[in-house]
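Okay, structure first, notes after.
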Amino acid sequence: MEYKKLGNSGLKVSSLCLGTMTFGDGADKTMSKELYSLSRDRGINFFDCANVYAEGESEKILGELIHNHREEVIITTKAYYPTGNNINDRGLSRIHLTRELEKKFKKIKERFNRY
């Protein structure tokens, strides 16, 4: 696998990025795990997700799959699309992005507290 620097971040990512839009929507957990494992076996360390993919299920599945090797992968995400009916539940405003991150951290904390 060829790796490239991601902008000015200093991070090195695989030249291929696996999109996870179908995780939980078209690809069940078993198929998602197989896709993820095949990509990792081939050197992919770069994964794309979004808060609206499969109504958040894609993020949950990806989170479970990377659990044992989180430091080895790079995840991109998007938070532009609406997540509610409030006028500020969409877009790239600071408040929307902050709220979405806070929701994710809360879910992550709840998930890790179960272990």
Cross-link reach list, lysines versus K33, counting only Cα pairs under 23 Å and skipping chain neighbours closer than eight places:
K60, K78, K104, K107, K109
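Report for the chain the percent antiparallel among DSSP-assigned beta bridges with both residues inside it, nearest 5.
Details: 3 of 9 bridges.
In the chain, DSSP labels about 35 percent of beta bridges as antiparallel.
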Can you give the extra length, in nm with one decimal, that the chain gains between D25 and D89 once fully stretched, where that is 0.36 nm per residue apart less the Cα-Cα distance?
20.8 nm
Would you mind checking the tilt of helix 94-113 against the longest principal axis of the Cα atoms of the chain, expressed as 0 to 90 degrees and rounded to 10?
60 degrees
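What FRET efficiency would be calculated for the residue pair E110, Y81, taking the C-beta separation as r and a Förster radius of 35 Å, to the nearest 0.05?
Values: r = 23 Å, r/R0 = 0.66.
Once rounded, the FRET efficiency stands at 0.90.
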Among [x] 14.9; [y] 8.0; [z] 9.5, find the value of mean projected area of the Cα convex hull in nm² that was calculated from the structure presented, and write down its label.
[y]
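Just order 31-40, 46-55 by mean Cβ neighbour count inside 10 Å, highest at the front, would you?
Numbers: 31-40: 16.1, 46-55: 19.3.
The densest-packed peptide leads the list: 46-55, 31-40.
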Arrange the peptides 14-26, 81-93 so that the one whose residues have, on average, the most other Cβ atoms within 10 Å appears first.
14-26, 81-93
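Readers should treat all values here as calculations from the given coordinates under stated rules, not as data from a laboratory. Bear in mind the structure is a predicted one, so any value in this text is a computation, not a measurement. Backbone-built Cβ (ideal geometry, glycine too); neighbour counts: all protein chains shown.
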